[in-house]
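Nothing in this text is a laboratory measurement; each read-out follows from the coordinates by a stated rule. A quick note: this is a predicted structure, and the numbers were derived from the prediction, not measured. Every residue, glycine among them, receives a Cβ derived from its backbone with ideal geometry; neighbour counts consider all protein chains shown.
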Ligand code: ATP
Ligand code: MG
């Protein structure tokens, strides 16, 4: 491709509305342009990177035995009513009526395709003999994200690879899951990403049933916890704190319980400032609605409650913070003054609450707290649970190491679904005895665009992007320094042609910067766009019979005799591809 014939609108200035490096660089390098909040056009360079990621994903899906199909983005809302997700998804689900002749059809734009694929399999597969099967597609997904941001990291329309496995039993599900997990490791390695599989919310199967693949990045939207000595890693929702359940008993020595006047001090910080205590001496009492019943959740003042853990501890379907009206009904006080003493609703306490001696907590009375509150005397608990977000003070739940916090970008997710959709949509199979059972399903997503954004976020320097060969829009950038110099152009044209003819089958693709522009300008753009290998053809070099070769990551260019240049390009790229391939798990 010739630069003059494509569309690569590079920008010198940093766009003011782009907050993070990947967004800035993808705009500046002419990969994307915004259409509206959360919607972007991929320009030719950006789209080539997307297509290369897609090809890798497709290749690995096929390698692990998944079969490609293609489902429509526009789906009947009826299926979503059957699964119940029409309500669960809330505002993120884009749905509307369309007119068909004299009737209205209610449709949704698929944010994922469990409903459609389960309905398909329910109709086409009847017997255990036809299972297991895993299908996948690469399709546009729609989600009305509340806060689309960071460029193409989070958009309302994006390319997802979604795969679904169907099997007869847990063994088939586990096998499909393990194969997919392995395929994901190969995908992200081949894309050149540094990534970490982390344990995520387990859902109905429990245990080790869901992993997210995270690319560590300061600007990542997800928070993860990982051990500094073993490979335990989990998202913060899921992360265990590694604290054993304590013995519940009243402390040997305790102060008197006292009432403290705390006007307008409804937050932990305000109370601590007012009465001079440390947050870890406070019991934070949060009123939740758990399956519509009020529950008071107790965590230490310096800890954050974890709703997923609360849901698991109570085996509940829904957990949400109570509204002010409920809080007043339950505690008799406005929000900010709840405490466990004398509360009539059920108490659910975190392990770390049990050990607080002479605690400070709300008095269930406006502008009042209690000090000297102790378990066994002032309130009682039968047991305690892990109910909070892990922190870096926590021990690892798997070894003697300790936990660290990091941020990450979620590029993929694998999940053992169980029978949720197969039951709702009647995907049943007959076993050897002609008995019917719901199929066991898994679902597996990869954000194609997000891989490109995550690469831009984690692979750049102050001058611009640095692509790995595998997903670079072009592998080679050929720069004739002066397009008015006939000799230079003749040499560049012949290199351009020979790369196509001799190395095209090896996957080498080339972009020639044939613009009439100063060398300095072209070099700046070259660094910004970040094509891995640069070949520079100039009059001075040609006089010595050489052209210059420079990798994006090298400091200096090397001089290569003109007749050897295409072979050298082929050899060096092949060598680097081999090194990249060595990092891919077998
Ligand atoms: P997130 O937590 O980031 O909103 P999710 O957990 O809702 O994502 P999944 O349903 O697991 O997303 O979708 C599979 C993959 O699709 C994600 O791992 C992510 O890489 C990608 N993805 C999800 N939402 C978006 C989006 N709005 N824009 C781009 N990619 C997305
Ligand atoms: Mg996810």
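For the reader, a short list of remarks on this structure follows.
- Per-residue packing, averaged as other Cβ atoms within 10 Å, sorts the ranges 302-310, 503-511 into the order 302-310, 503-511, beginning with the highest.
- Folded to 0 to 90 degrees: helix 448-458 orientation relative to the chain principal axis, Cα: 90
- log10 of Debye I(q)/I(0), alpha-carbon scatterers only, for the range 326-480 at 0.08, 0.09, 0.18 Å⁻¹: -0.62, -0.73, -1.09
- Nitroxide proxy distance, nm - points 7 Å out along Cα→Cβ at residue 36 and residue 87: 3.0
- Dimensions of the range 362-449 based on its C-alpha atoms, expressed as ranges along the principal axes with the largest first, amount to 65, 36, 33 Å.
- Between the Cα long axis of helix 486-498 and the first principal axis of the chain there is an angle of about 60°, rounded to the nearest 10.
- Measuring r between the beta carbons of residue 194 and residue 304 and using R0 = 35 Å, the FRET efficiency lands at 0.80.
- Point-to-point label distance, residue 432-residue 357, nm (Cα→Cβ direction, 7 Å offset): 6.4
- For a label point 7 Å along the Cα-to-beta-carbon line of residue 68, residues of the range 502-522 with backbone N under 19 Å: 507
- Amide N proximity, the range 375-416 versus residue 229 label position 7 Å along Cα-to-Cβ, cut-off under 17 Å: 392-405
- Counted residue by residue at 0.36 nm each, then reduced by the alpha carbon distance between them, the extension gain from residue 2 to residue 140 reaches 46.7 nm.
- Contact order for the chain, expressed relative to its length and based on alpha carbon pairs under 8 Å spaced 6+ residues apart, stands at 17 percent.
- For the range 103-236: rounded, prolate or oblate by the Cα gyration tensor [a/c cutoff 1.5]: oblate
- Viscosity 0.692 mPa s, 37 °C: Kirkwood-radius Stokes-Einstein D of the range 250-296 over Cα pairs, µm²/s: 250
- Under the shape rule built on the C-alpha gyration tensor, where the axes satisfy a ≥ b ≥ c, the chain is prolate, since a/c reaches at least 1.5 and a/b is greater than b/c.
- From helices alone, the chain scores -8000 deg cm²/dmol at 222 nm; the rule is -39500 (n - 2.57) for each run of n ≥ 4 DSSP H residues, then divide by the residue total.
- Cα gyration tensor category, rounded, prolate or oblate, for the range 511-586 with a/c compared to 1.5: oblate
- Gained length - residue 59 relative to residue 554, 0.36 nm times residue gap less alpha-carbon distance: 175.1 nm
- Within the range 402-495, the ratio Rg/Rh, alpha carbon atoms throughout and Rh by Kirkwood, equals 1.35.
- Alpha-carbon centroids, the range 525-586 and the range 352-426: separation in whole Å: 54
- Cα centroid of the range 100-143 to Cα centroid of the range 450-468, whole Å: 35
- Rule-of-thumb Rg ratio for the range 462-522 [Cα; 2.2 N^0.38 Å; N residues]: 1.23
- Projected area, mean over directions - the range 1-127, Cα convex hull, nm²: 13.2
- A Förster distance of 35 Å, applied to the separation of the beta-carbon atoms of residue 95 and residue 267, puts the FRET efficiency at 0.35.
- Computed from Cα atoms alone, the Kirkwood hydrodynamic radius reported for the range 206-247 is 12.1 Å.
- Annotation: Cα Rg of the range 64-125 relative to the compact-globule expectation 2.2 N^0.38 Å equals 1.24.
- At 1.306 mPa s and 10 °C, Stokes D of the range 179-307 from Kirkwood alpha-carbon radius, µm² per second: 84
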